[in-house]
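Trainee: First, the structure itself, so that you have it in front of you.
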Amino acid sequence: MSQGIPKEFWDARFSEDGFAYGDRPSRLLLGWSDLIASNCKTALVPASGQGRDAVFLAELGLDVTAVDISPVGLERTAELAARKGVSVKTIEADLFAWAWPEAKFDLVASMFAHVPSAVRPHLHSHFSKSLAPGGFVFLEGFTQDQIGYQEKYQSGGPPDVDMLYSAEDIRSDFEGLREESLLTGIERLEEGPYHTGPAALLRAVFTKAGN
Ligand SMILES: C[S@@+](CC[C@H](N)C(=O)[O-])C[C@H]1O[C@@H](n2cnc3c(N)ncnc32)[C@H](O)[C@@H]1O
């Protein structure tokens, strides 16, 4: 992110034809979609890219706010939302400078928002604080094993082990929340040209204590 990969990189990637990470939602959100639809009304999607997850959550009936540093990604989000007949509120902002709302959202969906380890716990603390009581964090990304899978299969992620996840780090970042699920393993991605092939993934769900 700005404290990692610069905005210009993302604008260029999102200006290419098609959807860099596909226009279908992450498998994590797909897998939990019944629970999301029956428990959540509002969602925040930080580092929302071209909007695949924000639009999916809007299709489930949620009131969705998508925040990204790339205006090109947000334009593609608006186009995808219009194509699907839903609306998503888009905000162009640097997540490290944004005035994060507190105790507001029923769900935060963070997919592949990899940042340097020095700033990752701070970013993740905003996810927790922005949740309403009873709210959910859904987080997906690459584990440190992805370095080997990138080399072999070009299946995505930052080429810097410092920006990749470990289960231990993610548990530590969200230690104030309850762990509902945390899975790591190898799976074959089919999510557009930059997320295709065998990959080392982490998927986690945490909840904030209710009222
Ligand atoms: C690998 S992409 C993931 C996009 C999306 N979550 C997905 O899975 O399709 C990382 C995203 O982080 C965004 N990003 C990077 N730095 C950011 C920052 N400082 N503030 C907000 N968004 C940022 C990029 O513009 C890009 O959309």
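The values are calculated or read from the model by the stated rules, or taken from the named source; none is laboratory data. From a predicted model like this one, the values you see are computed outputs, not experimental measurements. Ideal geometry is used to build each Cβ from the backbone, glycine not excepted, and the neighbour counts take in all protein chains shown. All accessible areas refer to the heavy atoms of the entire protein, side chains included, with ligands and DNA or RNA removed. Shrake-Rupley method; radii C 1.70, N 1.55, O 1.52, S 1.80 Å.
Trainee: Just one of (1) in contact (Cβ under 8 Å) with a residue 12 or more places away in the chain; (2) among the charged types (D, E, K, R); (3) not in a helix (DSSP H, G or I) trips up GLU175, so point out which.
Mentor: Against the list (1) in contact (Cβ under 8 Å) with a residue 12 or more places away in the chain; (2) among the charged types (D, E, K, R); (3) not in a helix (DSSP H, G or I), GLU175 comes up short only on (1).
Trainee: Now, a different point. Kindly evaluate ALA58 against the criterion of being farther than 24 Å from VAL161 by Cα, more than 11 Å from the ligand (Cβ to nearest atom), modelled with pLDDT of 95 or more and within 17 Å of the chain's Cα centre (by Cα).
Mentor: Criteria met by ALA58.
Trainee: Right, here's the next one. Looking at the stretch 106-119, can you tell me whether even one residue there is under 26 Å from MET163 (Cα atoms), buried (at least 18 other Cβ atoms within 10 Å of the Cβ) and not hydrophobic (A, V, I, L, M, F, W, C)?
Mentor: Within the stretch 106-119 (the criterion being under 26 Å from MET163 (Cα atoms), buried (at least 18 other Cβ atoms within 10 Å of the Cβ) and not hydrophobic (A, V, I, L, M, F, W, C)), the answer is yes, since at least one residue qualifies.
Listed here are the residues, each with its yes/no results for (1) within 21 Å of GLY210 (Cβ to Cβ); (2) touching an Asp or Glu at 6+ places or on another chain (Cβ under 8 Å); (3) open to solvent by 50 Å² or more (accessible area, probe 1.4 Å); (4) of a type in the set (Ser, Thr, Tyr).
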position: ARG76; (1), (2), (3), (4): no, no, no, no
position: ALA82; (1), (2), (3), (4): no, no, yes, no
position: VAL88; (1), (2), (3), (4): no, no, no, no
position: TRP98; (1), (2), (3), (4): no, no, no, no
position: GLU102; (1), (2), (3), (4): yes, no, yes, no
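Trainee: Okay, moving on. I'd like the residue in the stretch 6-43 that is open to solvent by less than 40 Å² (accessible area, probe 1.4 Å) and of a type in the set (A, V, I, L, M) and, out of all such residues, is nearest to the ligand (Cβ to nearest atom).
Mentor: ALA20
Trainee: Does the stretch 61-74 hold any residues that are open to solvent by 20 Å² or more (accessible area, probe 1.4 Å) and either of a type in the set (A, V, I, L, M, F, W, C) or more than 13 Å from the ligand (Cβ to nearest atom) (or both), and which are they?
Mentor: GLY61, ASP63, ILE69, VAL72
Trainee: Something else now. Mind telling me which of the residues PHE138, PHE127 ends up being part of a helix (DSSP H, G or I), more than 9 Å from the ligand (Cβ to nearest atom) and closer than 24 Å to LEU182 by Cβ? Full working, then the answer.
Mentor: Values: PHE138 fails: part of a helix (DSSP H, G or I).
Going through PHE138, PHE127 in turn, just one is part of a helix (DSSP H, G or I), more than 9 Å from the ligand (Cβ to nearest atom) and closer than 24 Å to LEU182 by Cβ: PHE127.
Trainee: Taking the condition on the phi > 0 side of the Ramachandran plot, among the small types (Gly, Ala, Ser) and open to solvent by less than 30 Å² (accessible area, probe 1.4 Å), does GLY51 pass?
Mentor: Considered against the rule, which asks whether it is on the phi > 0 side of the Ramachandran plot, among the small types (Gly, Ala, Ser) and open to solvent by less than 30 Å² (accessible area, probe 1.4 Å), GLY51 comes out as yes.
Trainee: Give the number of residues within the stretch 144-170 that are touching a residue at least 40 places away in the same chain (Cβ under 8 Å), outside any helix (DSSP H, G or I) and away from the ligand (no atom under 14 Å from the Cβ).
Mentor: 3
Trainee: If you scan the stretch 33-49, which residues turn out to be more than 11 Å from the chain's Cα centre (by Cα) and part of a loop (DSSP other than H, G, I, E, B)? Before the answer, list the steps.
Mentor: Step one: filter the stretch 33-49 for residues more than 11 Å from the chain's Cα centre (by Cα), giving 33-43.
Answer for the stretch 33-49, where residues must be more than 11 Å from the chain's Cα centre (by Cα) and part of a loop (DSSP other than H, G, I, E, B): CYS40, LYS41.
Trainee: While we're on this one: Name the pairs: first residue in the stretch 96-107 and over 15 Å from LEU57 (Cβ atoms) and in a loop (DSSP other than H, G, I, E, B), second residue open to solvent by 80 Å² or more (accessible area, probe 1.4 Å) and within 16 Å of the ligand (Cβ to nearest atom), Cβ to Cβ under 7 Å, at least 6 apart or on different chains?
Mentor: PHE96/GLN3
Trainee: Moving on to the next point. So which residues in the stretch 162-196 are out of contact with any Gly (no Cβ under 7 Å at 6 or more places or on another chain), surrounded by fewer than 15 Cβ atoms within 10 Å (Cβ to Cβ) and within 26 Å of PHE9 (Cα to Cα)?
Mentor: The answer is ASP162, GLU190.
Trainee: Something else about it: Read through the list (1) in a loop (DSSP other than H, G, I, E, B); (2) touching a residue at least 24 places away in the same chain (Cβ under 8 Å), then give the number of the only condition that ASP11 fails.
Mentor: Only one criterion in (1) in a loop (DSSP other than H, G, I, E, B); (2) touching a residue at least 24 places away in the same chain (Cβ under 8 Å) is unmet by ASP11, namely (1).
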